[in-house]
Each structure stands twice: as structure tokens, then as C-alpha cells.
Amino acid sequence: MTEKTIRFSGDIALPAIGQGTWYMGESAGQRRAEVTALRAGIDLGLTLVDTAEMYADGGAEEVVGEALQGLRDRAFLVSKVYPWNAGGKKAIAACEASLHRLKTDYLDLYLLHWRGGYSLAETVEVMETLVDQGKIRRWGVSNLDYDDMQELMQVAGGDVCATNQVLYHLASRGIEYSLLPWCQQQHMPVMAYCPLAQAGRLRSGLLNNDVVNKVAYAHRASAAQILLAWVISHQGVMAIPKASSIKHVEENAAALAITLSAEERASLDAAFPAPNRKTPLDVV
Ligand SMILES: NC(=O)c1ccc[n+]([C@@H]2O[C@H](COP(=O)([O-])OP(=O)(O)OC[C@H]3O[C@@H](n4cnc5c(N)ncnc54)[C@H](OP(=O)(O)O)[C@@H]3O)[C@@H](O)[C@H]2O)c1
């Protein structure tokens, strides 16, 4: 059984499943479980941890900071800047505040959370300043569609963008029309957020679907594991499910070893076809 890896610039190879943190840090009563789940995930190889200044208004970064105590060197830490902080001195201050909450002195990857009022040129410029200052190792974007990426490539320095993080799951396949093929051609990794469709909340019935369950049964796996295996079966795509229990983290880590057959992929394709025309980028 081969575990899939994804390559980031700087010759970094990471397991194709990482850990999300949206909704962590919202409740004091959940904090211990969240810290424990993240630490267990790193032990199981889910070394990319994705967070943002937005999540719980910095609270998720504090949970991650606690979870990474003694483990920082083993993690690939990703955070995101609000669009209205993504330029000039505001970006430097936002990054420093994230580093403080995360109890670290560098991010492996810093993302523009979505496009806002700053031009892409202003954002690229400040991202490169943060790289020069050693506060971030690399930068990328999130929620940028095909046309935005073409625009980014026209900006000086825009071509070193390390990733695009976008919504992608079995029942939301719009990126397959033009954005994903373009990223693959550029060898730019894509980070799939909401890979479990928020446990089916974004698409009811996805975790109880007969076709998904049939594939799951054949692998002695859960429906969630099949959704993750399907996402990472695409070249250059990694998944960042959020899990706040050890059981879910263990399941998600085990999904790295599931390889879907061509027939299984065809049955999932037939049940959840990709659109055959450009559709607006799905976001939450
Ligand atoms: N860039 C952006 O704009 C953006 C937007 C959305 C999300 N994100 C990132 O992407 C991450 C993932 O997205 P998401 O959290 O929205 O949704 P998700 O990962 O698709 O779903 C999370 C839900 O799935 C459950 N879950 C996890 N593992 C499971 C398993 N093995 N079996 C059954 N249920 C399982 C979790 O429950 P428990 O928590 O109870 O384990 C939670 O309720 C976020 O946490 C965030 O880091 C980025």
C-alpha cells in the first residue's frame, strides 16, 4: 500500500491528507479534545495543519499553538490572512499576531484567504517581504478561480504562488473544468477544503449515499474515508479534513492507504458527474 504524497516548493513532500481547524477554539470545553486530536494526527502522519486568523477570531490558532508544543518541527503549518489585512503594514502585523497565537516564529505557508480590496500585486509584494523577513517560508492563495490565477501570473513574482486552496469534494467538482487542470499543468498543489462536505452538511446524504457505501464496503472503510481517498486520487490534490476526535483522525490517516480502482472511480463519477461547462467557484 503506497501512501500518496504532495510536493510543495522547497522540495517538501507531505502526506496528501492534512488537518483542518475551522470551528476549533470556539468552545473551552472542546479544547482538550481538539489539542489531543491534532497531536494524534501529527503522530499518524497528518503533518500539514491548516488554520486562519479568521477561525474563532484567532482561537483556532491558539489551539494549534498548544497542540504543536514540542512538535513544531514535525508539522507543516499553514495560516491565512484576511483580505482586508493582505497588504502593507497590516499584513506584517496580521502575520506577527498569528505567529504569536501559534507560539512559533515562522509559518510554512501563508495564504490570502480570499480576494478583497488589495490588488494581487500589493499582496504578492508583502508576501515576499514576509519571506525575506523569515516569518513565512512560502505563500499561496485561497478561493481564487481560473481567471484570478491568470491575473496572478501576470503580477511580478506571482508565479511563485505555492498553492491554491479551494472547496472540493465528490459532490462539488466545478474545479475539474479548468482550474484543476491548469494547476496540475503548473505543478501547483491544490489543497481541497471541505473534502467531507462538512460531514455531509454541504450536501445532505453524501455520507449515506449507496454508491459511496458500496465502495466503502469493498474496502472495509467508512464513507468518509472513501470521500478522502477520492479527493487525493487526483494528481496534485491534497485534502485537509477537520477532525476533533481521535477516532476521526485515525480514520482520516488510514484513508491515505486506500486506492480506488478504475471501476470504483467510474461508479463514483457516474453518481456525481463533474460539470461539463465552467461553473462559478464553489465557496463556503
Ligand atoms: N480557505 C477557505 O476558505 C476554507 C473554507 C473552509 C474550510 N477551510 C479549511 O478546510 C478544513 C476542512 O473543511 P471543513 O472543516 O469546513 O469541513 P470538512 O473537513 O469537510 O468536514 C469537517 C466535519 O467532518 C467531520 N469528520 C472528520 N473526519 C470524519 C470522519 N472520518 N468521519 C465522519 N466525519 C468526520 C468533523 O467532525 P469532528 O470535528 O466531530 O471530528 C466535522 O464535523 C477547515 O477546517 C479549514 O481548515 C478553508
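For Gln150 and Ser261, what does the FRET efficiency come to when R0 = 30 Å and r is the distance between their Cβ atoms, rounded to the nearest 0.05?
FRET efficiency, Gln150 to Ser261: 0.25.
For every helix of n ≥ 4 consecutive DSSP H residues, a contribution of -39,500 (n - 2.57) applies; sum these over the chain, divide by its total residues, and give [θ] at 222 nm rounded to the nearest 500 deg cm²/dmol.
That comes out to -11000 deg cm²/dmol.
Let me make sure I get this right: for the range 71-201, a, b and c are the square roots of the gyration tensor eigenvalues over alpha carbons, sorted descending. Under 1.5 in a/c it's rounded, otherwise prolate if a/b > b/c, else oblate. Which is it?
The shape class here is oblate.
Summing Lys, Arg as +1 and Asp, Glu as -1, what charge do residues with Cβ under 11 Å from the Cβ of Val249 carry, Val249 excluded?
-1
In terms of the Cα gyration tensor, with a ≥ b ≥ c the square roots of its eigenvalues, is the range 187-283 rounded because a/c is under 1.5, prolate because a/b exceeds b/c, or oblate?
Rounded is the answer for the range 187-283, as its axis ratio a/c remains below 1.5.
Give me the number: length gained by fully extending Lys214 to Gln133, i.e. 0.36 nm times residue separation minus the C-alpha to C-alpha distance, one decimal in nm.
Stretched out fully, the Lys214 to Gln133 stretch lengthens by 24.0 nm.
Which order results if Ser233, Ser27 are arranged by neighbouring Cβ count within 10 Å, fewest first?
With the sparsest Cβ surroundings first, the list reads Ser27, Ser233.
Once all Cα-Cα distances of the range 1-119 are split into 5 Å bins that start at 0, what whole-number percent is in each one?
2, 11, 22, 23, 19, 14, 7, 2, 0, 0
With every atom except the alpha carbons ignored, what do you get for Rg and Dmax of the chain, in angstroms?
Rg, Dmax (Cα atoms, Å): 18.1, 54.
Build a GNM of the chain with springs between Cα atoms under 10 Å: which of Tyr55, Tyr193, Tyr118 gets the top mean-square fluctuation?
In this elastic network of the chain, the residue with the biggest mean-square fluctuation among Tyr55, Tyr193, Tyr118 is Tyr118.
Keeping to pairs on different chains or 8 or more places apart, tell me how many lysine pairs in the chain have Cα atoms under 28 Å apart.
21
Using r as the Cβ-Cβ distance of Ala271 and Lys89, and R0 as 30 Å, what FRET efficiency do you calculate, to the nearest 0.05?
0.05
Using the count of nearby Cβ atoms within 10 Å as a rough guide to exposure, how do Glu61, Glu34 rank from fewest to most?
Final ranking by Cβ density, sparse to dense: Glu34, Glu61.
Return the whole-Å distance between the Cα centroid of the range 1-43 and the Cα centroid of the range 75-131.
20
Pop a pseudo-label 7 angstrom from the Cα along the beta-carbon direction at both Arg201 and Gln30 and give the gap in nm to one decimal.
0.8
Residue separation times 0.36 nm, minus the C-alpha to C-alpha distance between Gln235 and Ala13: what's the value?
Taking Gln235 through Ala13 to full extension adds about 78.5 nm, to one decimal.
Computed from the coordinates by the stated procedures, all read-outs in this text should not be read as laboratory data. These figures come from a predicted structure and were not determined experimentally. Here the Cβ is made from the backbone with ideal geometry for all residues, glycine too, and neighbour counts use every protein chain on show.
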